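Visitor: Submitted below is the structure of interest, expressed as structure tokens.
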Amino acid sequence: ASDEVAAGAKLYGGWRLGEHLGVEAGYVRFGSLAESVTVDGRTVEQAAKGRSLYAALTGRMPMTEKIVLTGKAGISFGKVSGTDVLPASAHLIGSRRSFMYGVGAEYRLSPQVALTADFDHFGKLSEGARANLLSAGVRYSF
């Protein structure tokens, strides 16, 4: 098993059902993985790309007028595509449904605009791959 770090992107939207509860759905494209692995005494190249569609319930807990802690829990529909040269017991390529969760914080610049920082765990994307995403961004609310 190896850990890989790569850039990813998340596009999401949501609806606040009340002051503290909401729903969110999104698409995440994780970075590409390329590594050399040894299979049966020879070195071969393993390449893969991961992605996830997800839906989650969200929670918000205001700490001050400008700072809000956030959390989410839901389901991730993950998929890894690419070349699979690993033994059957460690397949990277495939798809899997997993429990996902996330925590974060936001700093409100105005009633509509906030700076955000989030950590999301998407569980297993396939039998041999799992994914996390650390992100920072700007959230605009209507």
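Visitor: Quick check for me: using +1 on Lys/Arg Cβ and -1 on Asp/Glu Cβ, what's the dipole size of the range 46-142 about its Cα centre, in debye to the nearest 20? Please report the intermediate quantities before stating the final value.
Guide: Details: 12 positive and 6 negative charges, 31 e Å.
That gives a dipole near 140 debye.
Visitor: Could you tell me the center-to-center distance, by alpha carbons, between the range 33-78 and the range 89-136 in angstrom?
Guide: Measuring centre to centre over Cα atoms gives 4 Å.
Visitor: OK, next. Based on Cα coordinates alone, diagonalise the gyration tensor for the chain, multiply each eigenvalue by 5, take square roots, and list the semi-axes in whole Å, largest first. Let's see the in-between values first.
Guide: Details: eigenvalues 248, 40, 24 Å².
Taking √(5λ) for each Cα gyration eigenvalue gives 35, 14, 11 Å.
Visitor: Roll a 1.4 Å probe over the protein heavy atoms and report the accessible area of residue 140 in Å², nearest 10.
Guide: Accessible surface of residue 140 is approximately 140 Å².
Visitor: Highest GNM mean-square fluctuation, the chain, Cα pairs closer than 10 Å: which of 58, 43, 116?
Guide: Ranking 58, 43, 116 by mean-square fluctuation puts 43 first.
Visitor: Now, a different point. What order, most packed first, do the peptides 100-111, 71-82 have when packing is the mean number of other Cβ atoms within 10 Å of each residue? Could the numbers behind the result be given before it?
Guide: Values: 100-111: 15.7, 71-82: 18.5.
Result, highest mean Cβ count within 10 Å first: 71-82, 100-111.
Visitor: Sticking with this one: Calculate the FRET efficiency for residue 5 and residue 42 from the Cβ-Cβ distance with a Förster distance of 35 Å, rounded to the nearest 0.05.
Guide: 0.85
Visitor: Moving on. Quick check: net charge around residue 24, other residues with Cβ under 12 Å of its Cβ, Lys/Arg +1 and Asp/Glu -1?
Guide: Working: positive: 10, 16, 60, 72, 139; negative: 118, 120.
Around residue 24, the surrounding residues sum to +3.
Visitor: Let me ask you something else. Suppose each label sits 7 Å from its Cα in the direction of the beta carbon; what would the residue 95-residue 57 distance come out to in nanometres?
Guide: 2.6
Visitor: Heavy-atom accessible area per residue, the chain, 1.4 Å probe: how many Å²?
Guide: That works out to 63 Å² per residue.
Visitor: Which net charge results when you count Lys and Arg as +1 and Asp and Glu as -1 among the other residues whose beta-carbon is under 11 Å from that of residue 120? Walk me through the numbers before you get to the answer.
Guide: On the way: positive: 10, 72; negative: 24, 118.
Once positives and negatives cancel, what remains is 0.
Visitor: What ratio of Cα Rg to 2.2 N^0.38 Å holds for the range 1-56?
Guide: Working: Rg = 17.7 Å, N = 56, 2.2 N^0.38 = 10.2 Å.
Output field value: 1.74.
Visitor: By how many nm would the segment from residue 83 to residue 23 grow when fully extended, if each residue of separation counts as 0.36 nm and the alpha-carbon distance is taken off? Don't jump to the answer; show the numbers that get you there.
Guide: Values: separation 60, 0.36 × 60 = 21.60 nm, distance 3.50 nm.
Gain on extension, residue 83 to residue 23, equals 18.1 nm.
Visitor: Continuing with this model, one more query. Between 21, 53, 125, which gets the highest mean-square fluctuation from a Gaussian network model of the chain, Cα cutoff 10 Å?
Guide: Of 21, 53, 125, the Gaussian network model singles out 21 as fluctuating most.
Visitor: Next up: In nm, to one decimal, how far is the residue 134 label point from the residue 16 one, both placed 7 Å along Cα→Cβ?
Guide: About 2.8 nm, to one decimal.
Visitor: Computing the accessible area with a 1.4 Å probe over protein heavy atoms, can you report the carbon and sulfur percentage for the chain? Present the calculation step by step, with values, prior to reporting the outcome.
Guide: Values: 5340 of 8910 Å².
Reported share for carbon and sulfur atoms: 60 percent.
Visitor: With labels modelled as points extended 7 Å from the Cα through the Cβ direction, what inter-label distance (nm, one decimal) is found for residue 141 paired with residue 113?
Guide: In this crude label model, residue 141 to residue 113 measures out at 1.6 nm.
Visitor: Can I ask one more? Stick to Cα atoms and the Kirkwood definition of Rh, then tell me Rg/Rh for the range 95-142. If you can, show how the numbers build up before the last one.
Guide: Numbers: Rg = 14.0 Å, Rh = 12.2 Å.
Across the range 95-142, the Cα-based Rg/Rh ratio is 1.15.
The values are calculated or read from the model by the stated rules, or taken from the named source; none is laboratory data. As the structure is a computational prediction, the values presented were derived from the model and not from experiment. Quick reminder, even Gly has a Cβ in these numbers, built from the backbone with ideal geometry, and neighbours come from all protein chains shown. SASA here: full protein model, heavy atoms, side chains in, ligands and nucleic acids out. Shrake-Rupley method; radii C 1.70, N 1.55, O 1.52, S 1.80 Å.
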